[in-house]
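The values are calculated or read from the model by the stated rules, or taken from the named source; none is laboratory data. A quick note: this is a predicted structure, and the numbers were derived from the prediction, not measured. All Cβ positions, even for glycine, are placed from backbone atoms using ideal geometry, and neighbour counts span all protein chains on display. Please note that ligands, DNA and RNA were not included when accessible areas were found on the heavy atoms of the full protein model with its side chains. Shrake-Rupley method; radii C 1.70, N 1.55, O 1.52, S 1.80 Å.
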Amino acid sequence: MGRRWLKGLLSTLFIMAVLAGAGIAAWWNWASQPYAEEGSNAAEVQFMITPGMNASQVAQELEHQGLIRNALAFRFLASQQNVDSKLLAGEYQLSAQMPPKEMINKILEGPDVHTVKVTIPEGYTTAQIIDLFVKNDLGSKEDYQRVIESEPFSYSFLADIPAGPNRLDGFLFPDTYFFAPEAGPKENINRMLKRFEQEITPEVMTKLAEMNLTLREWVNLASIVEKEAGKDADRPIIAGIFLNRLKIDMALQSCATIQYVLGTQKYILSLEDIQVESPYNTYKYPGLPPSPIASPGHASLDAVLNSTDSDYLYFLATPSGETIYAKTHQEHLQNQAKYMN
């Protein structure tokens, strides 16, 4: 009796699984097809992706406008191509006769309507970023400085930062953007802040709490790593060295912070250079400087969160681009004598 009952139950479950699978397959076949049949009168329409939209929001809007059959199917296809990190704001010529996969590929090609492509390199200062905007005829230097110093932005990571020229240092995320020529400085700056916000995941906040670092301290340290590390492989090691120094209240002694003060790139700093009076002089003052010295990219931000655990306290960048590490000051001096002649 018990065996017959169990056999019947398993048979029923199997039939239900087959029917469910068939139902899902039928639904997917329907959802992944174009909204309009081939040969219909569906014309191309202008679809706008606004700054800050993610793939989920795009999917909802496409479904709302009758360009796709199902937002969930679109989001699934978009996730396979990591569309969220590649979305570019602008106008796109789309048609309801396009299958969702073709529509995604077209969106990934970038906007059809004229925009200005601007690439912000990792490690750029706020002043350099402003110069790029001005160079591309996207506003005046004075307008960008005003926006950066005092315009309100509703981001929690800016809540406790006072107004001033250094307010957004480190938070203008380096990336490739497509800006509309008619967009104003505040809208363009907001695009960069919105992109930075995507770096702040729940996992990041948990990690920062474990490391006893504030979000701004994270960005601050990452900005120094960005300027000091010549290669990606060096970033987590250098981040670990700076964290080691912070733990023992040892001065960071970052050449990059001195170069920030001097406003020039000098491969070899003089004794006079490292005595310059500034709160950004990490040779004279222990701890982090008052604000980030540049805009760090994802690799440097991640290097701070996932630094290499070591006993190193010193590192040296050689003329050939190699980074040499040392545990003691004496070993560091020996490396200088060996590699810097």
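Data for the structure
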read-out: Dipole in debye (nearest 20) - the chain, about Cα centre, beta carbon charges: Lys, Arg +1; Asp, Glu -1; value: 1120
read-out: Overall form of the stretch 27-97 per C-alpha gyration tensor (a/c, 1.5; a/b vs b/c); value: oblate
read-out: Charge dipole of the chain about the Cα centre (unit charges at C-beta), most positive-ward option of LEU208, VAL225, ILE161; value: LEU208
read-out: Accessible surface of the chain, 1.4 Å probe, proportion on carbon and sulfur as whole %; value: 53
read-out: Largest-first ellipsoid semi-axes for the stretch 109-203, taking √(5λ) over the Cα gyration tensor eigenvalues, angstrom; value: 21, 17, 12
read-out: All-pairs alpha carbon distance profile, the chain, 20 Å steps from 0, percent; value: 25, 43, 24, 8, 0
read-out: Loop chymotrypsin sites (Phe, Trp or Tyr not before Pro), the stretch 265-306, which have at most 13 other Cβ atoms in a 10 Å radius of their Cβ (DSSP); value: TYR267
read-out: Mean accessible surface per residue for the stretch 100-144, computed with a 1.4 Å probe while every protein chain stays in place, in Å²; value: 53
read-out: Residue-level accessible surface for SER56, protein heavy atoms, 1.4 Å, Å²; value: 50
read-out: Binned Cα-Cα distances of the stretch 77-151, short to long, each 5 Å bin given as a whole percent; value: 3, 13, 18, 15, 15, 12, 10, 8, 5, 0
read-out: Nearest-ten-degree value, helix 202-211 long axis tilted from longest Cα axis of the chain; value: 30
read-out: Counting all C-alpha pairs of the stretch 193-341, share separated by more than 26 Å (%); value: 22
read-out: Exposed-loop-free span, longest in the chain, where GluC sites (Glu not before Pro) count as exposed if DSSP calls them loop and at most 16 other C-beta atoms lie within 10 Å; value: 183-271
read-out: Size of electric dipole in the stretch 153-195: Cβ of Lys, Arg +1 and of Asp, Glu -1, about Cα centre, debye, nearest 20; value: 60
read-out: Neighbour-limited loop hits for trypsin sites (Lys or Arg not before Pro), the stretch 220-255 (at most 16 other Cβ within 10 Å; DSSP other than H, G, I, E, B); value: LYS231
read-out: 0 to 90° range, to nearest 10: angle between helix 185-197 axis and the chain longest Cα axis; value: 80
read-out: Net charge dipole size for the stretch 46-204 [Lys, Arg +1 and Asp, Glu -1 on Cβ; Debye, nearest 20]; value: 320
read-out: The stretch 157-265, Rg to Rh (Cα coordinates; Rh as Kirkwood inverse mean 1/r); value: 0.99
read-out: Label-point separation, SER156 to VAL134 (7 Å along Cα→Cβ), nm; value: 3.6
